[in-house]
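The values are calculated or read from the model by the stated rules, or taken from the named source; none is laboratory data. None of these values were measured; they are calculated from a predicted model. All Cβ positions, glycine included, derive from the backbone under ideal geometry; neighbour counts span all protein chains shown.
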Amino acid sequence: MISIVLIEPEISGNIGAIARAMKNFGLNNLILINPKCNHLSLEAIKRAKYAKEILKKIKIKKFSDLKKFHTLIATTSKLGTDYNIPRSPITPEQLSSIIPKTKSIAILFGREGIGLKNKEIQMCDFIVTIPTSPKYPAMNLSHSATIIFYELFKSSKKQKIGQQITLVSKKEKEQILKMINQVLNKLQFTTKEKKQTQKIVWKRIINKSFLTKREAFAIMGFFRKLIRRFNQE
């Protein structure tokens, strides 16, 4: 089970926004360590939208309570080198592939102003950072949390987006191209080269397109009507 831990949050709206993002991506256990604001304020509730139940279930804990977790994961925008081991990070995508699925895990997010302190990072097993522009690497707390939640959710879903769609087969693509060429052969071109260019372009378009079977049948139906029309003339 994954718990999201906010260290000394100062802005109640951020807590609400994080609760909303958690619900978007299937997380529901939010912990606050020494909060500096009211997590049930009107601003927090407004930002949480339909995730108010996460706010109501929030647990207020102490730093020492974090020791019960099997794995602690820190988040930071301040990068280190391989010589600065505590600040040598992995990306959210890498995190989603190595995170233990059956253990108790806490992902720590630091203060809005200064993030996590070195001693807090050293408590953790490893750290995660989001690749951003070096001109402005620090992200809004709720935005960075949302990106990490998304990567965790993406790797956890057994059925990926688009898996329910059946793509066109090679044989069906060849049939579409055959019908296109039949139409092109009926048309008048000023030179053979221009007709050949049309055939090459259409082949590239069809082969580069991720057509579904439904789209392929619609295209074949359209060209079938054209061919029938030409044959009647």
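Taken over the range 99-148, the residue count meeting the criterion of being under 17 Å from M1 (Cβ atoms) and either of a type in the set (D, E) or surrounded by fewer than 17 Cβ atoms within 10 Å (Cβ to Cβ) (or both) is 6. Taken over the range 59-77, the residue count meeting the criterion of being in contact with a Ser or Thr (Cβ under 8 Å, 6 or more places away or on another chain) and either modelled with pLDDT under 90 or outside the structural domain of P137 (by TED's automatic domain parsing) (or both) is 4.
Looking only at the range 187-224, which residues are small (G, A, S) and either over 30 Å from T166 (Cβ atoms) or not in a helix (DSSP H, G or I) (or both)?
S209
Counting only helices (runs of 4 or more DSSP H) wholly contained in the range 1-66, the ones carrying 1 or more residues that are on the phi < 0 side of the Ramachandran plot, free of Cβ contacts under 8 Å to residues at least 60 places away in the same chain and touching a strand residue (DSSP E or B) at 6+ places or on another chain (Cβ under 8 Å) occupy 12-24, 52-56.
Which of the residues that make up the range 86-145 are among the basic types (K, R), touching a Lys or Arg at 6+ places or on another chain (Cβ under 9 Å) and either outside the structural domain of F69 (by TED's automatic domain parsing) or under 25 Å from P35 (Cβ atoms) (or both)? Steps first, answer last, please.
So in the range 86-145, the residues among the basic types (K, R) come out as 87, 101, 103, 111, 117, 119, 135.
Of the ones still in play, those that are also touching a Lys or Arg at 6+ places or on another chain (Cβ under 9 Å) are 87, 111, 117.
Answer for the range 86-145, where residues must be among the basic types (K, R), touching a Lys or Arg at 6+ places or on another chain (Cβ under 9 Å) and either outside the structural domain of F69 (by TED's automatic domain parsing) or under 25 Å from P35 (Cβ atoms) (or both): R111, K117.
Of L152, L184, all but one fail to be modelled with pLDDT of 90 or more, of a type outside the set (D, E, K, R), assigned to a helix (DSSP H, G or I) and touching a Ser or Thr at 6+ places or on another chain (Cβ under 7 Å); the exception is L152. Among the small types (G, A, S) and at pLDDT 90 or above, is that true of A138? So A138 fails the test. Figure legend. Inter-residue proximity from the range 192-215: first residues within 10 Å of K173 (Cα to Cα), second residues assigned to a helix (DSSP H, G or I) and at pLDDT 85 or above, beta-carbon distance below 6 Å, spacing 6+ or different chains. Indicated pairs: K203/L177; I206/K173; I206/I176; I206/L177.
Set side by side, the residues M220, M179, M123 differ, and just one is within 30 Å of S12 (Cβ to Cβ) and either in contact with a helix residue (DSSP H, G or I) (Cβ under 6 Å, 6 or more places away or on another chain) or touching a residue at least 24 places away in the same chain (Cβ under 8 Å) (or both), which is M123. Total residues in the range 213-233 satisfying the condition of being within 45 Å of the chain's Cα centre (by Cα) and of a type in the set (D, E, K, R): the figure is 5.
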